[in-house]
Amino acid sequence: MEDSGERKAFPGGGMRDTAVGKERPELAWTAEQPYEDQMLTRYGHWMARGAEKYESRNWEQFDSAEALEHAKGSLLRHVFKLLAGKTDEDHAAAVWFNVQAIELIRWKGHQEIVAGMMADAIADAALKADEADYLRRCLGSKARYFLDPDGWYFRYTLGSAELSYVKSSDSDRVDYDETWTLTEVERFAKEVPLSEVPEWAR
């Protein structure tokens, strides 16, 4: 349950959370107009006639660019007729309907974009996982090691060779953030088998 942290006391007792920052749909119902003249009532009648002509929630199936353009055209027609004072049908309710249809189609399009982005991200992650697995199978579970003339060891795993160790003993071992590509390392260092790599350099 949402809680604003503020309370409103009512005459006779009882308290509720305040309405500050919350939706106020009751304000769409005007204080003076009779029921039949309320915009919400008129819109309800418009939707009922649409359900009789087509079927209930037929308009919620709209999800194409063609349907969007049709709704835009219908919106403009009813806006012009409303402004011109035409009373042959409830143009205000029709305006409301077409605005809602446009917003629904746009919302669906946004959801499709988001779904597409998620699908692309999942596919990209799967591809990277496949590539990583391929490299692991090619390189084996053990890293590849290179030794340069100055005694620096380079460890190569999955596409990057890290300059990680110095030449002498475990106590002299130094870690670096600098990275080298395999091609760069191969220019000045020679690959050595794991059996020739000291334990402290692994």
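The values are calculated or read from the model by the stated rules, or taken from the named source; none is laboratory data. Computed from a prediction, not measured in an experiment: that's the story for all the values here. Here the Cβ positions follow ideal geometry from the backbone for every residue, glycine too, while neighbour counts run over all protein chains shown.
To keep it simple, each residue is scored yes or no on (1) under 26 Å from HIS110 (Cβ atoms); (2) exposed (fewer than 12 other Cβ atoms within 10 Å of the Cβ); (3) in the same structural domain as GLU112 (by TED's automatic domain parsing); (4) in contact with a Cys (Cβ under 8 Å, 6 or more places away or on another chain).
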residue: ARG16; (1), (2), (3), (4): no, yes, no, no
residue: LYS22; (1), (2), (3), (4): yes, yes, no, no
residue: PRO34; (1), (2), (3), (4): no, yes, yes, no
residue: ALA48; (1), (2), (3), (4): no, yes, yes, no
residue: TYR54; (1), (2), (3), (4): yes, yes, yes, no
residue: GLU66; (1), (2), (3), (4): yes, yes, yes, no
residue: GLU69; (1), (2), (3), (4): yes, no, yes, no
residue: LEU82; (1), (2), (3), (4): no, no, yes, no
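Would you say ALA101 is in the same structural domain as GLU36 (by TED's automatic domain parsing), at pLDDT below 95, in contact with a Phe, Trp or Tyr (Cβ under 6 Å, 6 or more places away or on another chain) and surrounded by 12 or more Cβ atoms within 10 Å (Cβ to Cβ)?
Values: in the same structural domain as GLU36 (by TED's automatic domain parsing): yes; at pLDDT below 95: yes; in contact with a Phe, Trp or Tyr (Cβ under 6 Å, 6 or more places away or on another chain): yes; surrounded by 12 or more Cβ atoms within 10 Å (Cβ to Cβ): yes.
Considered against the rule, which asks whether it is in the same structural domain as GLU36 (by TED's automatic domain parsing), at pLDDT below 95, in contact with a Phe, Trp or Tyr (Cβ under 6 Å, 6 or more places away or on another chain) and surrounded by 12 or more Cβ atoms within 10 Å (Cβ to Cβ), ALA101 comes out as yes.
Within region 23-71, the set of residues being assigned to a helix (DSSP H, G or I), without any contact (Cβ under 8 Å) to a residue 12 or more places away in the chain and among the hydroxyl-bearing types (Ser, Thr, Tyr) comprises TYR35, THR41.
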